[in-house]
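Asks: Structure provided below as structure tokens; questions to follow.
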Amino acid sequence: MNSAIKITSDARFRLARSLMTNGGGGGCGNDDDSSLEGAIDIFASLLEECRRSSGETSVEAALCHYEYGNALFRAVVRRTEQQHLENSGSSDEANEKDGDKKPAAKPVKSATTTGKRSLDDNIAMQSDSVPSNKKVKKTENIENNHDGDDNGDEEDVSLALEMLSTSFGIFDWHVNDATTTTISEEEREFALTQIPRVLNCIGDIHSHRKQFGNAVDAYCRALPYRENASKKKHHATNNNNEEGEGGCLSVEELTCQRQLVETYALVAEALLACKEGEDVVCIDDEEQQQEEDDDAGSKKDEKKAKKSIVLVSARDRIEFAQSHYETAKEKLQDIVYQMGKMAAAKIDVGDEKKDIGYLVMMLVGIGNSLESSLKKTS
């Protein structure tokens with residue numbers, strides 16, 4: 001994290017990020033749940049504090065909006081994984097009694113480690129303020145909503161999406177609308193690096209809700225930012241002569257390239273998940289929902305069509321998915337080659353090795369899905 005952004009140096013923030021790392025992936029035990037709940041509480045408190053101390057439009061507030069929303073969503077994903085494991089366990093017991101045991105279902109896994117509607121230009125900040133009347137949930141409120149039904153999880157996902165959209169609006173304002181007299185260049189650069197993280201998480205939430213058209217929209221919006229970050233890091237590496245022997249990449253450049261490939265893969269994955277024979281559309285339903293709330297009572301029976309934008313026609317969907325998949329595969333081959341050179345030069349890539357390994361498996365799955373889709377269309 002950028003040391004110029006004060007909140008990233010806060011011990012509580014670092015602790016919450018550590019809890020997310022420990023509880024946001026891997027197993028589905030109670031320790032993981034406690035870690036995520038602890039992170040949610042910390043980020044909720046930090047968000048309220050940043051609103052008061054740094055202001056509604058500060059990058060600190062935007063970052064806390066993202067972290068809080070991301071933690072809420074990852075907790076829902078964790079509960080979904082647990083439910084799948086419990087259901088598969090019950091199914092196995094029943095099958096054993098019947099003498100016909102079947103393999104357990106694989107748990108649902110979020111597409112990225114970083115997750116609302118179509119993000120049109122109206123989401124960007126139009127003024128120097130963000131509504132602060134959003135109620136921040138703590139885990140004691142969240143737990144009351146999870147007694148045997150899915151309504152609590154859906155409320156958490158909706159709140160997470162709300163937090164992420166607010167975060168996007170603030171970061172976008174810092175990048176595109178704020179002047180140098182109101183923010184520093186360090187804040188602008190930091191906001192620029194955070195936008196694709198926010199967009200990818202928004203896409204993850206849409207995928208979780210099976211709103212794959214909106215997921216495609218969010219992931220596609222993240223692509224230019226990932227492309228620019230990768231190019232910028234490449235130029236910085238060359239200018240600073242950071243390349244090792246044999247022209248090895250820096251670990252930071254390797255990370256940027258991996259994140260770019262991951263986003264291409266996410267676009268392809270979401271396109272393949274869209275309904276066969278239908279256009280890929282993103283639906284802007286927040287404005288519609290607001291209108292319905294305003295008209296409640298007098299026009300309850302009046303039906304209004306949701307705004308939708310066609311992103312890809314039904315006949316072009318597989319072709320677009322294949323194009324993004326091939327781009328991801330080609331770029332991944334470059335990454336694997338560079339990793340080999342770095343290993344030969346005894347350069348430690350840290351957790352990137354694990355992340356790239358997961359990305360390889362992700363692309364294998366997408367390739368299988370693509371092959372199946374191509375057979376259906378041939």
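Asks: Per residue, what volume in Å³ does the convex hull of the Cα atoms of the stretch 186-232 enclose? Can you show the working numbers first?
Replies: Values: hull volume 2.5 nm³, N = 47.
It comes to 54 Å³ per residue, whole-number rounded.
Asks: Once R0 is set to 41 Å, what does the formula 1/(1 + (r/R0)^6) return for the Cβ-Cβ distance between residue 344 and residue 52, expressed as a FRET efficiency to the nearest 0.05? Provide the component values of the computation, followed by the final result.
Replies: Details: r = 52 Å, r/R0 = 1.27.
After rounding to 0.05, the efficiency reads 0.20.
Asks: Let me ask something else about it. Going highest first, how would you order 269-278, 201-210, 248-257, 325-334 by mean Cβ packing within 10 Å?
Replies: Working: 269-278: 18.5, 201-210: 23.7, 248-257: 20.4, 325-334: 16.9.
Answer by packing, highest mean first, reads 201-210, 248-257, 269-278, 325-334.
Asks: I would also like to ask the following. Sort 231, 6 by heavy-atom solvent-accessible area, probe 1.4 angstrom, most to least.
Replies: The ordering from most to least exposed comes out as 6, 231.
Asks: Then there's this: On a full-extension model of 0.36 nm per residue, what is the gain between residue 179 and residue 276, subtracting their alpha-carbon distance, rounded to one decimal in nm? List each step's numbers first, then the result.
Replies: Details: separation 97, 0.36 × 97 = 34.92 nm, distance 4.58 nm.
Going from the current span to full extension adds 30.3 nm.
Asks: Now, a different point. Which residues does a label at residue 158 reach in the stretch 183-219, if reach means a backbone N under 12 Å from a point 7 Å past the Cα toward the Cβ?
Replies: Residues passing the 12 Å test: none.
Asks: Between residue 358 and residue 236, 0.36 nm times their residue separation minus their Cα-Cα distance comes to what?
Replies: Working: separation 122, 0.36 × 122 = 43.92 nm, distance 2.72 nm.
Result: 41.2 nm gained on full extension.
Asks: Out of residues 5 or more away from residue 312 or on other chains, whose amide H comes under 5 Å of its own, with H placed 1.01 Å from N in the peptide plane?
Replies: HN-HN under 5 Å from residue 312: 280.
The values are calculated or read from the model by the stated rules, or taken from the named source; none is laboratory data. Model, not experiment: these values are computed from the prediction. Cβ sites come from the backbone with ideal geometry, for glycine too, and all protein chains shown count toward neighbours. The accessibility values were calculated without ligands, DNA or RNA, using every heavy atom of the protein model including side chains. Shrake-Rupley method; radii C 1.70, N 1.55, O 1.52, S 1.80 Å.
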